[in-house]
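Everything on this sheet refers to the single structure shown next.
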Amino acid sequence: MQSPPRLAAPDAAPDAAPETAAAVRQALGPRVIAEQETGEGVPVLWIAPGDWVEAHRVLRGMERPFTLLADLWGIDETARHHRAGQPASGVTVASHLISPERNADVRLKLACDAAAPVAPSVTPVYPGANWYEREAFDMYGVRFEGHPTLRRIYMPNDWDGHPLRKSHHARATETPPFRMTPESFAETEAANTIDPAELGLPTERDGVELMTLNLGPHHPSTHGVFRIVLGLDGEEIVWAWPDLGYHHRGAEKMAERQTWHGFIPYTDRIDYLGGVISEMPYLLAVEKLCGIEVPERAQCIRVMLSEFFRITSHLLFYGTLAQDTGAMSPIFYMFVDREKAYKVIEAITGARMHPAFFRIGGVAMDLPTGWDGLVRDFLDWMPKRLDQYEGMVMRSELFQARTRGVAVYDAGTCLKWSATGPHLRAAGMPWDMRKLRPYSGYEKYEFDVPVEEAGDIYARTRVRVEEMRQSLRIIRQCLERMPEGPIKADHPLAFPPPRERTLHDIETLIHHFVGTGWGTRVPAGEATGQVESARGFTQYSIVSDGEGGSYRTRIRTPSFANLQPIAEVAPGMTVADFIMYLASIDHVMSDVDK
């Protein structure tokens, strides 16, 4: 296996933006046609159309390279008013690159025509761009020249239009009534049939015809509404083709129709097991645009609840993975643990899986009386349970036989396909946003980043088990150090305003009324929020046009990228081992499809 890339020290801050920007500018030279001011410390560079691929190749090959293509997406600029200093563009393609060695980011942008957007594919440089370019083609109609299999990834192949264009309807009520006939049903079914030959996949090996197997979309082992088409020679997998979109709900389109505050509950439902963790990057981006500094008490509450949800998510992974090996008992015990955690979450937020508890500038309400006793009881309960699971699962001969040396991939493979989180850390790379780029006060907490070297299913499980122990450490520090003070910023754009003030003066009541009805006016600009979720690197990139809601909300989810290595890792495995590999990915299909 390749050795993982060298990282900055775990407690290091991100590389200084001016130094990174200078190095990038020097490397790219005249390929940069404009630099965009965003106020968030990340160089945003517009690239000449003919230099798009070469610019990525230069950054991928420079000293201390940008080896991770974290995201690539589109922006329909046709209805945007505030674009001062930016080149003319109908549809903009943006790529977000990360250098693990520099602990730094750079964003490249390419201007395309509005009517027929075309861009060169960067898949020869970053294979992980494959699905992202397919998504931009699906949602915006951008044709990526040189892409190996440019076809829709979420919408049916016979879908009319590209949903994230401003000209596309957002609701079915904006279209004529839908009529399904036997003929239209047959046409749709034929249009969405996957033909291996059309995809360039072999139909036989050594003169023997391969069996095509549809695993899913309705199958318990896929852990969601997800289909993988397999080409089989007996029990051996020759090729695998993941088929997404069965859970697509248009979350990014919904963001354009909601107020900034009103979109918060939708974030819970992106990674529906992550709870408030999904609220954090969205609000970090909004608060960055607004210039809001969140009070320390609110930051501590945010961290504590995020770690509770990290534990509940990992427990579900732990139990279902053990169940997939044939061990039935662990998942029942772990659901008891999750229930105890949800009791704490419910007591604090008033809800369980989808609390929508964070607010612009803080949290919804202060901690209730007796919260500390509930948290302390859970902290006393959970470590002993994790010790018991060591014997039930991790030291089980059956579990080890099914997981050690199975579905092995190194850090280089993760970076190649943009996979992050426990996948990277199980392959020897200590990349955790909470350490490398602390947010919400994570720099104040003592915790370790679990790392394994084997890169197999067992290693990915071990990383998550140890992360639960570290989450307990963080929660205990929150319990012991919970600061006093306000739970929401005293800022005119913090929303909603404190209830007691709306009852005190008319100005605050008007602010609440206007913000609820039309949305609080977030300053025009672009901002990014990044966190380490239970599944990996999560990023919200938002564009405000100075209105009461988002002009563009881009959601980078870890599950989407973490599924990309399937096509490379699966061949040569048996179907039984592939089931274990799927479970070890720990994907959430709403986190994949959005």
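The values are calculated or read from the model by the stated rules, or taken from the named source; none is laboratory data. Computed from a predicted structure; not experimentally measured. Every residue, glycine among them, receives a Cβ derived from its backbone with ideal geometry; neighbour counts consider all protein chains shown.
Have a look at R481, R476, R464 and point out the one that is charged (D, E, K, R) and under 30 Å from A407 (Cα atoms). Before the answer, list the steps.
Numbers: R481 fails: under 30 Å from A407 (Cα atoms); R476 fails: under 30 Å from A407 (Cα atoms).
Step by step, each of R481, R476, R464 is checked, and only R464 is charged (D, E, K, R) and under 30 Å from A407 (Cα atoms).
Can you pull out the residues in the stretch 1-59 that are part of a helix (DSSP H, G or I), modelled with pLDDT under 85 and of a type in the set (D, E)?
E19
Is at least one residue of the stretch 524-533 modelled with pLDDT under 90 and of a type in the set (A, V, I, L, M)? Break it down into steps so the answer makes sense when it comes.
Initial filter on the stretch 524-533 (modelled with pLDDT under 90): none.
The answer is no, given that none of the residues of the stretch 524-533 is modelled with pLDDT under 90 and of a type in the set (A, V, I, L, M).
When residues of the stretch 456-514 are filtered for being among the hydroxyl-bearing types (S, T, Y) and within 27 Å of the chain's Cα centre (by Cα), how many remain? Show your work before the answer.
Applying the first criterion (among the hydroxyl-bearing types (S, T, Y)) to the stretch 456-514 yields 458, 461, 471, 502, 508.
So of that shortlist, the ones also within 27 Å of the chain's Cα centre (by Cα) come out as 458, 461, 471.
Residues that pass the stated criteria total 3.
Taking the stretch 374-401 only, how many residues are touching an Asp or Glu at 6+ places or on another chain (Cβ under 8 Å) and buried (at least 19 other Cβ atoms within 10 Å of the Cβ)?
Kept after step one, since they are touching an Asp or Glu at 6+ places or on another chain (Cβ under 8 Å), are these residues of the stretch 374-401: 381-382, 385.
Imposing the further condition that a residue be buried (at least 19 other Cβ atoms within 10 Å of the Cβ) reduces the set to 382.
Matching residues across the stretch 374-401 total 1.
So, V142, is that one among the β-branched types (V, I, T) and crowded, with 20+ Cβ neighbours inside 10 Å or not? So that I can check it myself, show each step before the final result.
Details: among the β-branched types (V, I, T): yes; crowded, with 20+ Cβ neighbours inside 10 Å: yes.
The answer is yes for V142.
State the number of residues belonging to the stretch 523-545 that are acidic (D, E) and either free of Cβ contacts under 8 Å to residues at least 24 places away in the same chain or under 18 Å from R80 (Cβ atoms) (or both). Please lay out each step first, then the result.
Here is the first cut: in the stretch 523-545, the residues acidic (D, E) are 526, 532, 545.
From what's left, either free of Cβ contacts under 8 Å to residues at least 24 places away in the same chain or under 18 Å from R80 (Cβ atoms) (or both): 526, 545.
Looking only at that region, the number is 2.
Among the residues of the stretch 500-522, are any among the polar types (S, T, N, Q), in contact (Cβ under 8 Å) with a residue 40 or more places away in the chain, at negative phi and in contact with a Phe, Trp or Tyr (Cβ under 9 Å, 6 or more places away or on another chain)? Break it down stepwise before answering.
Applying the first criterion (among the polar types (S, T, N, Q)) to the stretch 500-522 yields 502, 508, 516, 520.
In the following step, the residues that additionally are in contact (Cβ under 8 Å) with a residue 40 or more places away in the chain were identified as 516, 520.
Remaining after also requiring at negative phi: 516, 520.
Narrowing the set further to residues that are in contact with a Phe, Trp or Tyr (Cβ under 9 Å, 6 or more places away or on another chain) leaves 516, 520.
The answer is yes, given that some residue of the stretch 500-522 is among the polar types (S, T, N, Q), in contact (Cβ under 8 Å) with a residue 40 or more places away in the chain, at negative phi and in contact with a Phe, Trp or Tyr (Cβ under 9 Å, 6 or more places away or on another chain).
Does D105 count as in contact (Cβ under 8 Å) with a residue 24 or more places away in the chain, buried (at least 23 other Cβ atoms within 10 Å of the Cβ) and more than 17 Å from T92 (Cα to Cα)?
On the way: in contact (Cβ under 8 Å) with a residue 24 or more places away in the chain: yes; buried (at least 23 other Cβ atoms within 10 Å of the Cβ): yes; more than 17 Å from T92 (Cα to Cα): yes.
When the stated conditions are applied, D105 passes them.
So for the stretch 60-76 (the condition being crowded, with 20+ Cβ neighbours inside 10 Å and without any contact (Cβ under 8 Å) to a residue 40 or more places away in the chain), does at least one residue qualify?
no
Condition check ((1) out of contact with any helix residue (DSSP H, G or I) (no Cβ under 9 Å at 6 or more places or on another chain); (2) not in a helix (DSSP H, G or I)) across all residues:
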{"position": "R83", "(1), (2)": "yes, yes"}
{"position": "S95", "(1), (2)": "no, yes"}
{"position": "R107", "(1), (2)": "yes, yes"}
{"position": "V125", "(1), (2)": "no, yes"}
{"position": "W131", "(1), (2)": "no, no"}
{"position": "D138", "(1), (2)": "yes, no"}
{"position": "P148", "(1), (2)": "no, yes"}
{"position": "P156", "(1), (2)": "no, yes"}
{"position": "L164", "(1), (2)": "no, yes"}
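Inspect the stretch 352-363 for any residue being in the same structural domain as Y581 (by TED's automatic domain parsing), under 25 Å from A285 (Cα atoms), touching an Asp or Glu at 6+ places or on another chain (Cβ under 9 Å) and without any contact (Cβ under 8 Å) to a residue 12 or more places away in the chain and give the result as yes or no.
Taking every residue of the stretch 352-363 in turn, at least one turns out to be in the same structural domain as Y581 (by TED's automatic domain parsing), under 25 Å from A285 (Cα atoms), touching an Asp or Glu at 6+ places or on another chain (Cβ under 9 Å) and without any contact (Cβ under 8 Å) to a residue 12 or more places away in the chain.
Determine, yes or no, whether A524 is under 30 Å from T312 (Cβ atoms) and not basic (K, R).
On the way: under 30 Å from T312 (Cβ atoms): no; not basic (K, R): yes.
Criteria not met by A524.
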